[in-house]
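Have a look at the structure below before the remarks.
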Amino acid sequence: MHNHCVDLLVIGAGASGSCIAYEAAKRGLKVALLDAGDIGCGTSCRSTKLLHGGVRYLELAFKTLDLAQLRLVREALYERGHWLEEVPFLAHPMELILPSKNCISQYYYRLGLGMYDTLAGQKNIGHSRILSRQQIKQNLPLLSDEIANGVAYSDGQFDDSRLNLLLALSAEKSGAELYTRYRVVGLEKNRNGEICGAISQNEAGEQERWTTKVIVNATGIHVDTIRRLADENIDSRILVSRGVHIVLEEVLCPKGVGLLLPATDDGRVLFLLPFFGRTQVGTTDSPCEINDANTPSSKEEEYLIDYVKRWFPSLQKPNIKSSWAGGRPLLKPSGSSRHTSQVVREHEIETLPCGLISAMGGKWTTCRQIAFDALKAIEKVLDKHLPEPRYAPIIGSHKDKSKTSESLSNQRKILTSSLPASTLQNNQILHLQSNYGLQAPSIIAKSSQKQREPLSDVIPICEAEIEHAIKNEHAKTSTDILARRCRLAMVDLSEAQRILPIVQKHFHDFGLDISDLDLQQ
Ligand SMILES: Cc1cc2nc3c(=O)[nH]c(=O)nc-3n(C[C@H](O)[C@H](O)[C@H](O)COP(=O)(O)OP(=O)(O)OC[C@H]3O[C@@H](n4cnc5c(N)ncnc54)[C@H](O)[C@@H]3O)c2cc1C
């Protein structure tokens, strides 16, 4: 059996694991990052794609006088600001409207959202403001006439799977080894009962050994499975709740302003957000088994459609272009039976007596805080302080992050002269820059004009990107490319099916297996 020797093995290349690997590699550890599937194929590519403090959690904090909730909101607002500065090419501030049915609720929302702005401190990205019904209708023309007025506030919107990929690739650039389709199937302990290694299995069934000083389990909703490899009698710590999103062909947010529906019948909130020229609606919150977490049910899709029809009465037959589901890894509240929508999305880093570290719970926005807390646990297991991190900006951004946005606009000229003239050229420049940041010109530099031609007018991906994804971004299946390297399958499944044969041909040319599209993978 092949044996690898590393300082740190991170299991799971979602947002948490990739960020942990990136931060650890920058501190000089020899890191291996393994994922059973593709980079970010778990919950991290299936989120609502908001960088947010969580307006709902702020309300919950006040209603329950819960300081832990309030701290979580403040921490997440800081992180929202961090990502918007760090990767401005794939994350941007977005205004959202919270409609109200009378002036009392409008002032209540205004007060709460004013607090939201204040909590963000220096990282505040906009000032919430009162809107009249007419102002709301200018932004959301098809919204029901039943609303009286509302409040606008700001949060961040980002491309979750591209950021996940860039975190993993940046970890690799900092020296981490990155292996996808490597499932950890066993853990090894020394004579003292301390964790000292793991066994992985690839898709061909071949096993490899990972001898290591420390292991971090960042497997999201699968965290208990790995914990049980260390101790089969251990109690589970994670609740799984499925969140479904649908994408509608109809453009309900034509001005780029999103909508937060404040109160569903089951006491939650729903978002309708602009999404690659279409409308993303979500999400649901249904406790489920792990194996069902990525499978949207028609009942949940109908639930979302029902709210679309209620709030947009002129739209009685919305056209669903894609739908996807993901499992929330919620930290189990000790001994209580609270509904999953009320469980605090706070993370916990657990270290078992055998030394296995598990990152549990949390949210996308705060994955860096999860990584910092995991590093503290790693230092304890290694019994040494790690050095200060090397400066290694995320791939795609400028080495001086304050210059990324300016450099992107300077770069437009190069892209304009390199891309084929077409009505899609402007969209293609935006697409290339938001996927690759400042690396965009190098992605197409060695390709022919034909390979630069956009393949779809929904998302103008071109063949040069397909090749780049296979050669340099660890893409191994058509779904890796069409759902995660670019988001076409998650925006418009039938359009992704249309260009699938072109993607399959590239896999064939590289001598790799061809596969069908499967949004549950
Ligand atoms: C519907 C929904 C909407 C959300 N929206 C937002 C939002 O808008 N903003 C926000 O901040 N947060 C949001 N979240 C929360 C956020 O998406 C998650 O907290 C985050 O993505 C979890 O990342 P993770 O790395 O812990 O888990 P995952 O992304 O699930 O990664 C775990 C990885 O471990 C791998 N793995 C599992 N078992 C093994 C094994 N044995 N060996 C090797 N690898 C293994 C999996 O393949 C997977 O890639 C949302 C969550 C859901 C469900």
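What the table shows:
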item: Every residue from region 374-401 that is over 23 Å from residue 472 (Cβ atoms) and among the hydrophobic types (A, V, I, L, M, F, W, C); result: 374, 375, 377, 378, 381, 382, 386
item: Hey, residue 47 in contact with a Phe, Trp or Tyr (Cβ under 7 Å, 6 or more places away or on another chain) and hydroxyl-bearing (Ser, Thr, Tyr) or not; result: yes
item: Test: residue in region 219-229 that is touching a helix residue (DSSP H, G or I) at 6+ places or on another chain (Cβ under 9 Å), in a strand (DSSP E or B) and within 12 Å of the ligand (Cβ to nearest atom); result: no
item: Sole residue being over 17 Å from residue 162 (Cβ atoms), assigned to a helix (DSSP H, G or I) and either of a type in the set (Phe, Trp, Tyr) or touching a residue at least 12 places away in the same chain (Cβ under 8 Å) (or both), chosen from 451, 439, 433; result: 451
item: Unique residue being away from the ligand (no atom under 15 Å from the Cβ) and either out of contact with any helix residue (DSSP H, G or I) (no Cβ under 9 Å at 6 or more places or on another chain) or of a type in the set (A, V, I, L, M, F, W, C) (or both) when the list is 32, 36, 24, 68; result: 68
item: Boolean, residue 208 is more than 15 Å from the ligand (Cβ to nearest atom) and more than 20 Å from the chain's Cα centre (by Cα); result: no
item: Cβ-Cβ under 9 Å pairs, at least 6 apart or on other chains, region 307-331 side at pLDDT 95 or above, far side within 14 Å of the ligand (Cβ to nearest atom) and among the acidic types (Asp, Glu); result: 320/301; 323/300; 323/301; 325/292; 325/300; 327/292
item: Unmet criterion (only one of (1) more than 26 Å from residue 112 (Cα to Cα); (2) modelled with pLDDT of 95 or more) for residue 237; result: (2)
item: Search result, residues across region 191-247 that are touching a Gly at 6+ places or on another chain (Cβ under 6 Å) and at positive phi; result: 220
item: Some residue of region 355-367 being in the same structural domain as residue 222 (by TED's automatic domain parsing) and either exposed (fewer than 14 other Cβ atoms within 10 Å of the Cβ) or more than 24 Å from residue 75 (Cα to Cα) (or both); result: yes
item: Close pairs from region 221-242: first within 25 Å of residue 323 (Cα to Cα), partner assigned to a helix (DSSP H, G or I) and modelled with pLDDT under 95, Cβ under 9 Å, at least 6 apart; result: 239/340; 240/340; 241/340; 241/341
item: Failed item in (1) near the ligand (Cβ under 9 Å from one of its atoms); (2) touching a Gly at 6+ places or on another chain (Cβ under 7 Å), with residue 17 passing the rest; result: (2)
item: Every pair of residues 6+ apart whose Cβ atoms lie under 6 Å, when the first sits in region 276-296 and is near the ligand (Cβ under 10 Å from one of its atoms) while the second is assigned to a loop (DSSP other than H, G, I, E, B) and modelled with pLDDT of 95 or more; result: 282/48; 283/48
item: Enumerated strands (runs of 3 or more DSSP E) restricted to region 241-299, each holding at least 3 residues that are assigned by TED's automatic domain parsing to the domain that holds residue 98 and in contact with a Cys (Cβ under 8 Å, 6 or more places away or on another chain); result: 270-275
item: Residue that is over 19 Å from the mean Cα position of the chain (by Cα), in contact (Cβ under 8 Å) with a residue 24 or more places away in the chain and crowded, with 18+ Cβ neighbours inside 10 Å, where the choices are 394, 378; result: 378
item: Residues being in contact (Cβ under 8 Å) with a residue 60 or more places away in the chain and under 15 Å from residue 209 (Cα atoms) - total across region 182-193; result: 5
item: Residue check for residue 133: touching a Phe, Trp or Tyr at 6+ places or on another chain (Cβ under 9 Å), in the same structural domain as residue 261 (by TED's automatic domain parsing) and not hydrophobic (A, V, I, L, M, F, W, C); result: no
item: Pairs with Cβ under 8 Å, 6+ apart, first in region 27-54 and assigned to a loop (DSSP other than H, G, I, E, B), second among the aromatic types (Phe, Trp, Tyr) and more than 7 Å from the ligand (Cβ to nearest atom); result: 46/324; 48/271; 49/158; 49/275; 53/116
item: Residues located in region 1-14, provided they are more than 8 Å from the ligand (Cβ to nearest atom) and outside any loop (DSSP other than H, G, I, E, B); result: 2, 3, 4, 5, 6, 7, 8, 9, 10
item: Test: residue 126 is under 30 Å from residue 16 (Cβ atoms), of a type outside the set (A, V, I, L, M), modelled with pLDDT under 95 and in contact with a Pro (Cβ under 7 Å, 6 or more places away or on another chain); result: yes
item: Search result, residues across region 55-82 that are without any contact (Cβ under 8 Å) to a residue 60 or more places away in the chain and not aliphatic (A, V, I, L, M); result: 59, 62, 63, 64, 71, 74, 78, 81
item: Qualifying residues in region 241-261 (those that are among the β-branched types (Val, Ile, Thr) and out of contact with any Phe, Trp or Tyr (no Cβ under 8 Å at 6 or more places or on another chain)) - the one nearest to the ligand (Cβ to nearest atom); result: 246
item: Counted residues, region 86-109 - those being surrounded by fewer than 19 Cβ atoms within 10 Å (Cβ to Cβ) and over 23 Å from the mean Cα position of the chain (by Cα); result: 7
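The values are calculated or read from the model by the stated rules, or taken from the named source; none is laboratory data. Here the structure is a predicted model, which is why all the values come from computation and not from measurement. So basically every Cβ, Gly included, is an ideal-geometry build from the backbone, and we count neighbours across all protein chains shown.
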